[in-house]
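These notes concern the structure reproduced below.
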Amino acid sequence: MMEVLLEKLCMSRAVSGLEEDVAGIVSKELAPYVDEVYYDNLGNLIMKKDGTGPGPRILIAAHMDEIGGMVKYIDDEGFIYFIEVGSHDPAMLLGSRVAFERNVLGIVSRKTKGNELKIGDLYIDIGAKGKDEVEMLGIRQGSVFSRAPSYQRLAGTRRVSKSFDNRAGVCVMAEVLKRLDNFNGHLMAVATCQEEVGTRGSKVLSNYAEADIAIVLDVTFAVDTPQRVSPKDINTFLGKGPAITLKDDHFMMSPKMRRFVEGVAKGRGLPLQYDISPGGTDAGPIYLSKNGIPTVAMLVPLRYMHTGNEIIDLDDLENCVRLLIGIIENAEKQGSSGP
Amino acid sequence: MKHLSELRGISGQEKEVKSFINDEIEGHCDKIWTDHLGNLYARTNGRSDVDIGLFAHMDEVGFMVTGIDGHLLNFDAVGGINEEVMPGTVLEVGDERVPGVIGCPPIHLQKKEEAEKKIPIDDLRIDIGDVNDGIQIGDAATFDTRYKERRGLALGKAFDDRIGCYCLIEAIKADLDVSCTYVFTTQEEVGIRGSQVASNNLSCEYAIACEGTFSLDQPGVPKEDKVQAMGGGPVITITDRSVITDARLRGTIIKAAESCGMPYQLKRPFTGGTDAGMVHLSGMGVPSCVISTSCKFIHSPCAMASLEDIKNSRRLLIESILSVSGGL
């Protein structure tokens, strides 16, 4: 069931600032399961669901945007130069396929030779005969492209797609909203926008969201690959369950929250991993908002982040759903002050 | 423009600019007030469906005195200034406008490899001659540049963002029948701080920031990067490092430019930030856009701009306010 939605989410495009397609899918899918659906002015999609009794206010956030690029210049021959939206590894972008609006496909090539590669050295070829044809296809300055939509099965429960970061998180949030039927308190589930350009959606969300506990759903680096630096590092593995962030560049988990989540996982026999990594998620702005909101960043392990071939394990998704339901059900037992 | 350009106001010391703007707009607005960070607000009430916030920052890049050793002053840059343009720059230091120069060893005394090397700011000093006329640590030092106009071009300092201030002042003086809050912000050049405080205190449905921005029409820039140039008309931002502008608001502004028949340019490099970067993240999110004037050599002792561009930016701002006033 969950995989049908996951594939649909991955096959659509939502480069930061242009999340309408994915927001539309999510709101349509979840409308029957929630009490209220609306947007704020930046483009965050907010869904509210009230429980059967009094209890804590719970905020769930998963960003729906993905990295991509924006056209800065089209030369007379029809080659397209671009800037990145969110961060790419130029070496991984080289040779990959990208898609503009109306599903116009292009490939990324380089104009320079040598080892060093910068985003500015790359250009896109959509096969056009000249600038006029590019423009006829609706591509102009400011047009946005994503990595070409893809979703495929790999061995066992492993899947590959261009944008499991963070459709995996969005999918977990959707599944939880569908399965929850008997809980206390108030849920506010938000598909946030513009995370990949600096957690901007969650900054706006933090201005108005009132919550006793927040759970941020995102993905993290699985380093169980030949790139693994040292076994001494705290490492996150594919298929070994959701990882909770202890610290990143903008967030630290409180020991109290850590014990709470560990207790839930243990009580329900669910696997749990730890994440200590650079960068940041929507948890950064959210845990600093209001009087400080106790926050959990629950991440799906993922290989090859920000490339066109992101790999996840469906078992991790299922365990993430179960853990989140556990957190919601246990949070309410703590009363309205949260865990 | 001449007055605005020659006013002195590094980040955190915008008093002179503020009092000039206050005098200019008095009588054209319903209310003028400030906050504790020094932002200047001007309110106009009108018969419009929506409330619009307009932003321009008063501060400019410059220097601050950090140490005094007789006639030699240690200093730090306030805002981003290329260290290569510093040696030889003539400055006015402190409230008394003491003339000084950032010392530069004459070429006769330099070894070849020294001459090729950039001197780090820590090794540079402002030299004010021999007597210290009451200059204190913390005093501002600003570029000593007089404003000049010739053949449709303007030369002067602080075009970033006195051009924006100029456009806002002109919009206020146009006495539009639109509900607007005009905010002249402080401390933009040190990390868009003024507008952070301003956006805590404002509630507007749309926001437009006015900026003096850079020009890419310079030697050494590859053709695919020469996308915004002095003389090419107002620059309407799609994205910069701080904001992805609201598509509907941007569309309205582009339409306004087209119906005026003026040239315009679209900005999309992921560098540079503006007050819009702060404002659009406030409250429930505020749909925001930026109208800029493309200038050569900003953040240096002397920038260059086209008078036609400045005129068009002013007109585009006014037309945009009118277009947006009925709602989008």
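The values are calculated or read from the model by the stated rules, or taken from the named source; none is laboratory data. Please read these numbers as outputs of a predicted model, since none were measured by experiment. Cβ: placed from backbone, ideal geometry, glycine included. Neighbour counts: every protein chain shown. All accessible areas refer to the heavy atoms of the entire protein, side chains included, with ligands and DNA or RNA removed. Shrake-Rupley method; radii C 1.70, N 1.55, O 1.52, S 1.80 Å.
Computed values, structure above
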| read-out | value |
| --- | --- |
| Which listed residue is closer than 18 Å to B:Val78 by Cα and open to solvent by less than 30 Å² (accessible area, probe 1.4 Å), from B:Thr181, B:Thr237, B:Thr185 | B:Thr185 |
| Qualifying residue in segment B:199-206 (condition: assigned by TED's automatic domain parsing to the domain that holds B:Ser320, open to solvent by less than 30 Å² (accessible area, probe 1.4 Å) and closer than 30 Å to B:Met64 by Cα) | yes |
| Filter result for A:Asp75 (charged (D, E, K, R) and within 10 Å of another protein chain (Cβ to nearest Cβ)) | yes |
| Which listed residue, of B:Val227, B:Val197, is within 23 Å of A:Glu84 (Cβ to Cβ), in contact (Cβ under 8 Å) with a residue 40 or more places away in the chain and aliphatic (A, V, I, L, M) | B:Val227 |
| Qualifying residue in segment B:26-36 (condition: open to solvent by 40 Å² or more (accessible area, probe 1.4 Å), under 30 Å from B:Ala174 (Cβ atoms) and either in contact with a helix residue (DSSP H, G or I) (Cβ under 7 Å, 6 or more places away or on another chain) or not assigned by TED's automatic domain parsing to the domain that holds B:Ala305 (or both)) | yes |
| Strands (runs of 3 or more DSSP E) completely within segment B:42-120 that count 3 or more residues being over 27 Å from B:Phe184 (Cβ atoms) | B:62-69, B:72-78, B:98-102 |
| Selection status of B:Ala77, in the same structural domain as B:Gly285 (by TED's automatic domain parsing) and either at pLDDT below 90 or of a type outside the set (Ser, Thr, Tyr) (or both) | no |
| Test for B:Arg8: is it in contact with an Asp or Glu (Cβ under 6 Å, 6 or more places away or on another chain), in the same structural domain as B:Cys204 (by TED's automatic domain parsing) and surrounded by 15 or more Cβ atoms within 10 Å (Cβ to Cβ) | yes |
| Some residue of segment A:122-129 being modelled with pLDDT of 95 or more, touching a Gly at 6+ places or on another chain (Cβ under 6 Å) and among the small types (Gly, Ala, Ser) | yes |
| Filtered residue count, segment A:181-204, keeping only those that are closer than 12 Å to B:Ile244 by Cα and in a helix (DSSP H, G or I) | 2 |
| Flag if A:Ala14 is within 14 Å of chain B (Cβ to nearest Cβ) and of a type in the set (A, V, I, L, M) | yes |
| Residue that is most open to solvent (accessible area, probe 1.4 Å), among those in segment A:1-19 that are in contact (Cβ under 8 Å) with a residue 12 or more places away in the chain and part of a helix (DSSP H, G or I) | A:Lys8 |
| Residue that is nearest to A:Gly201 (Cα to Cα), among those in segment B:243-263 that are within 12 Å of chain A (Cβ to nearest Cβ) and open to solvent by 20 Å² or more (accessible area, probe 1.4 Å) | B:Ile244 |
| Strands (runs of 3 or more DSSP E) contained entirely in segment A:113-165, each with at least 1 residues that are within 19 Å of B:Asp225 (Cα to Cα) | A:122-125, A:144-147 |
| All positions within segment A:87-109 that are open to solvent by 60 Å² or more (accessible area, probe 1.4 Å) and within 24 Å of A:Met136 (Cα to Cα) | A:Arg97, A:Glu101, A:Arg102, A:Asn103, A:Leu105, A:Ile107 |
| Segment A:176-229, residues that are more than 30 Å from B:Gly272 (Cβ to Cβ), of a type in the set (Asp, Glu) and more than 14 Å from chain B (Cβ to nearest Cβ) | A:Asp181, A:Asp212, A:Asp224 |
| Extreme residue, farthest from the other protein chains (Cβ to nearest Cβ), among residues of segment A:22-33 that are open to solvent by 20 Å² or more (accessible area, probe 1.4 Å) and not hydroxyl-bearing (Ser, Thr, Tyr) | A:Pro32 |
| Matching entry among B:Gly152, B:Gly94 (being out of contact with any Leu (no Cβ under 6 Å at 6 or more places or on another chain) and open to solvent by less than 60 Å² (accessible area, probe 1.4 Å)) | B:Gly94 |
| Subset of segment A:252-291 [aliphatic (A, V, I, L, M), assigned to a loop (DSSP other than H, G, I, E, B) and touching a helix residue (DSSP H, G or I) at 6+ places or on another chain (Cβ under 8 Å)] | A:Leu270, A:Leu272, A:Leu288 |
